[in-house]
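Step one of this worksheet: look at the structure below.
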Amino acid sequence: MSADKSRQQLTKNLFSLTIVQVANYVLPLISVPIYSRIIGPEKFGIINFSAAYIAYFNLIISYSFAFSATRKLVKDPHNEEYRNKIFSEVFCTQILLFLFATFIFLILLFTVSEFSENKTVIIFSYLICVGNLFTQNWIFQAMQDLSKVAIFNFVSRLAFTILILIVIQKNEDYIWQPFLIGVIQTAVALWAFLWAYKKYNLKLTIVPFSRCMQVLVEERTIFFSLIFVNLYTTTNTVILGLYQNSAQVGYYTAAQRLIIIAQSVLTMPLSEAFYPFIGKAFGESREQGVKVTQKLIPLIIVYCGTASLLMLTLGPIAIKLFYGSKFDAAIPVFQILAVVPLLFALNNMLGVQIMLNLGMDKYFLKITASAGILSIVLNFLMISKWGYMGTTLNWLVTEIFLFTSMYLVLRKQKINPINFQYFTVSLLQEYGEPIVNKILRRTSTVKSQID
C-alpha cells in the first residue's frame, strides 16, 4: 500500500472508530437522562455493579486477541490460508474460554450471597458474554475495514436506545436494561460474524484442544496485563459495591460513565487506528516507529488536554443535565477524574503503541501488575474511610503511577517517547488538521504529513 493510501486508510479508520465510540457511549446517553431519573441512584448502582462483575467473564472470553490476533494477522492479512488458521485458532479457543467462564459464573451465582440477592440482573448481564464470543472485531481491524465495525455498533446502540425508552417506565423496570443490552449485542454480533465469514471467505476448522491450550500460553503475557488493568478499572466498582451501599456505587459509576464516554470518544479511535499503523512503522525500524509516536503525542496532549479542561469546568452542568439533582454527589467525582482521559491516552501510547509494538510485553505486564496491586491496596485503605471518593482518588493515583512508570522504563531503554521539538503550532496543525477535518466534516482531502 502506498504512503498516500496508507494515510487515507488511517484517516478513514479514525473516522469510523469515532463513529463506533459515539455509538457505544454517546448514543445511549440519549436515554440516560430519562431512565436514571426513573430508577434512581440505588438501582443505577445495582446494574452498574453487575456490569462491572460480568466484565471479568468478558475479559476471560476476549483474552488478549484484540491485540495479539490483530498483531499476527496484520503481518499478512491477504493470505487466505494464514487468515483462516488464525481465525480458527482464536474462535475455537474462545469457545473453550466461554464454557469455562460460564461454569465459574454459575458456581459463584449460587454460592455468593451478594450475587444471589440480585440474581436476575446478574443473569441478564451475563447475556452480553454470548455476544462477546461472536464479536470478532480484530478481523476488521487487521483487514483495515473498521467502517463495518462502525455500522454494526451504530445499529446495536440505536436499537438499545429506542427500546430502553419504551421498556423502562417505573423503578422496578431497571432489570430490563442489562437484558436489552445482552440480547441486542448478541444479535448484532452474530450478524457481524456471519458477514465477516462470507466477506473474507473464512473457513472454520476444528482446532485440537492441545493447540488451543498452546495459544493461551503464547498470548498469556498480554492477557495477564489486561487482567491487571482490570484491577484498577472495573474492580474499583466491584470492591465499592461489596463494601458500600448501592447508592454510593450509583454516584461513582454515574461520573465514571461520563468519564469513560469522554475517554472512549476522545482516545479509543486514535488508539485502535494507530495500533496497526504504528505497528507498520515499527516494522520498518525502531527509530521510525518512535518518530511517528513522537509526532502524534503532542496532538494527543493538546486534543485531550483541552477536553479535560472543558470537562473540569462543565462537570456540574453535565451531571445535572444527564442524571438530575439526585446525583449531585457525583459532581466532585467527575471533576477529579476530568484529567483521566488525557492520562489514559498517554498511557496507551507509551504502553500499547510503543511497548507492545516493540515486543516489550514483559515490561508492560510488570507495570500493569504493579498498578493493579497498588489499586487493590489503595481501594481497601480508602473505601472504608472515604467511600466512593476514595475509589475516585484511587483511580487518579493509579493512572499517574502508570504514566510515570512507563515513561521511566522507556527512558531506561533509551527510548524517548516525548520529543518537545514537535510541540509547535505549525506541526500540530500539519498532523492534526487532516484528522480533525475527516472526523468533523468527512472531507475527502487528506493533508497529513506524518512520515
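The numbers here are math on the coordinates, done by the rules we state, and not lab data. Everything numeric here is computed off the predicted structure, so don't read it as measured data. Note that we place each Cβ from the backbone using ideal geometry, even for glycine, and neighbour counts take in every protein chain shown.
Just to be sure I understand the curve: with the Debye formula and one point per C-alpha of segment 219-443, what is log10 I(q)/I(0) at q = 0.11, 0.17 Å⁻¹?
Log10 I(q)/I(0), no solvent term: -0.59, -1.24.
So how do 252-263, 123-134, 70-81 stack up, highest first, on mean other-Cβ count within 10 Å?
Result, highest mean Cβ count within 10 Å first: 252-263, 123-134, 70-81.
Determine the dipole magnitude for segment 219-443: charges of +1 sit on the beta-carbon of Lys and Arg, -1 on that of Asp and Glu, nothing else is charged, the reference point is the Cα centre, and the result goes in debye to the nearest 20.
So the dipole magnitude of segment 219-443 works out to roughly 120 debye.
To the nearest Å, what is the center-to-center distance of segment 154-190 and segment 90-107, using C-alpha atoms only?
Using only Cα atoms to place each centre, the spacing works out to 24 Å.
What order do you get for 56-66, 411-421 when each peptide is scored by the mean count of other beta carbon atoms within 10 Å, highest first?
56-66, 411-421
Over segment 31-218, what is the relative contact order in percent, taking alpha-carbon pairs closer than 8 angstrom and at least six residues apart? Write out the running numbers ahead of the final one.
Values: 194 pairs, mean separation 65.1, N = 188.
So the answer I get is 35 percent.
How large is the direction-averaged shadow of the alpha-carbon convex hull of segment 289-387, in nm²?
Averaged projected hull area, Cα only: 7.9 nm².
Over the alpha carbons of segment 127-226, what is the largest minus smallest coordinate on each principal axis, giving the biggest first in Å?
Taking max minus min along each principal axis of the Cα atoms, segment 127-226 gives 50, 30, 25 Å.
Using only alpha carbons, build the gyration tensor for segment 31-218 and give me the equivalent ellipsoid semi-axes, biggest first, whole Å.
Working through the eigenvalues yields semi-axes of 33, 21, 11 Å.
Which links in 119/385; 362/414; 199/295; 326/385; 362/385; 203/362 stretch past 27 Å when you go from one Cα to the other?
Numbers: 119/385 29 Å; 362/414 17 Å; 199/295 35 Å; 326/385 23 Å; 362/385 35 Å; 203/362 33 Å.
With Cα atoms farther than 27 Å apart: 119/385; 199/295; 362/385; 203/362.
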